[in-house]
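Chemist: Please read through the structure below; I'll follow up with questions.
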Amino acid sequence: MLTRTINALDPILRLISRVYHRWYRRLRMDLWFPQFPLAIAVGGAGSFALLPTIRHYATEYLHLNLRHLFDALHPISGHVPQLILSGVPTVVVGVLQILIAIGLLGRSRIAWLSAVGMTIAQLALTVHQAGGSILTGETLYIITLLAALILARDAFSRSSLAAGTLFALASVIVLIVYGVLGSFLLGSGFAPPITNLPEALYFVIVTMSTVGYGDILPKSNEARFFVESLIVLGLTVFATALTAVIGPILQNRITQTIGPRRRKMKRVNHFIITGRGVLARNTLRELRKRGASVLVIIDDGDTSFGDTETVVGDPTELDTLREAGGDHARAILALSDDDSENAFVILAVRELTTDAKTVAAVSTRKNLERVRRVHPDMILAAPVFGGEVLAMALTEEKIDGDKLLSQLLDVRPATP
């Protein structure tokens, strides 16, 4: 029964797969999916976390003059500490989520790890505020977001020192602001009381650095809870910050020490290859046998081309082609197994000011005419060529060398 059900569903699943891959290529989803929708979702979750506190503050303090703001925020009322304790931790998570959303746009691994951690923290806060219920709209949204982040983990693999440093700096700043504001507003719960911002900043630095001189101690339950949250958040943020900054440095140092040494060449009159299939590798090997200078455009983390010089990036982007020396290349060969990617590479080359010849590989006959429309100088149709040779051999037809060559290499006539 189960086997029959699976067999019945198989055509439907294959149809869904074909439709998905067709629209994936047509919409160029490799350039924006899943990082763009996830960044919007994480930023939206951060915004939801900010709304209740913004609404509460607006109701409580909107009528006050700005010059009396700090006097109004000073904990002279027993209601202020309760307001801060119920709002500030959620605000910190919300602000960090909005900052993390920016990092997700660049497929940053540290941003993804931080997004997962902050989403779990927001889920715990939301369930706590809802009295332990997980059936609210906000809770279900956060659970769905967490599941989507986990499923998309492989899409976030970039480790950038600049992005890690920026995220670490922003996290530390947000945490310090949280600590200063909370300790100032809960000042009467400390001994001696914290009465101004410099004292609050001093207490936060001493606490977060785990020095703990003991000259200012939390006495009230609210102050103790706040200090506990400050210590936990501080350890988490500093550990993540160190990982974000030191991790890429160590990785680059290890790669330079034990990784393959890539030879450097002058990027003039060279060949540029895009793609990572069998055709790309065989073409690379044959060109290097003939002493040609070859550069390969690869994805981040691909180390399978040995000591060949590489450029990491998207070959359909102009900046990547310029970095690879496309303006002065002898030829640019789009040899990916994906025909649509090869076509987009040729279109990107057309926007360069270059005399480089363009070659596009075609893996299926139905895409041959489509690739012709982007006008590469040469189309390499190996499957079409193989089918023609096999048909001639099986039918004992006389092999026409010129016809076979035209099937293998579809060369565009040179313009006068």
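Where a number appears in this text, it was derived from the coordinates with a stated rule and is not lab data. Everything numeric here is computed off the predicted structure, so don't read it as measured data. When we count neighbours, we look across all protein chains shown, and the Cβ atoms used for this are built from the backbone with ideal geometry, even at glycine.
Chemist: Rounded, prolate or oblate: which fits the range 299-355, taking a ≥ b ≥ c as square roots of the Cα gyration tensor eigenvalues, rounded meaning a/c under 1.5, else prolate when a/b beats b/c? Working shown, then result.
Modeler: Details: a/c = 1.82, a/b = 1.28, b/c = 1.42.
Oblate shape, in that a/c is at least 1.5 and b/c is the bigger or equal ratio.
Chemist: So if we plug the beta-carbon distance of residue 355 and residue 288 into 1/(1 + (r/R0)^6) with R0 = 22 Å, what FRET efficiency do we get, rounded to 0.05? Write down the numbers at each step before the final one.
Modeler: Details: r = 23 Å, r/R0 = 1.04.
Here the calculated transfer efficiency is 0.45.
Chemist: Label points 7 Å out from Cα along the Cβ direction at residue 209 and residue 370: separation in nm?
Modeler: With each label placed 7 Å out from Cα toward Cβ, I get 6.2 nm.
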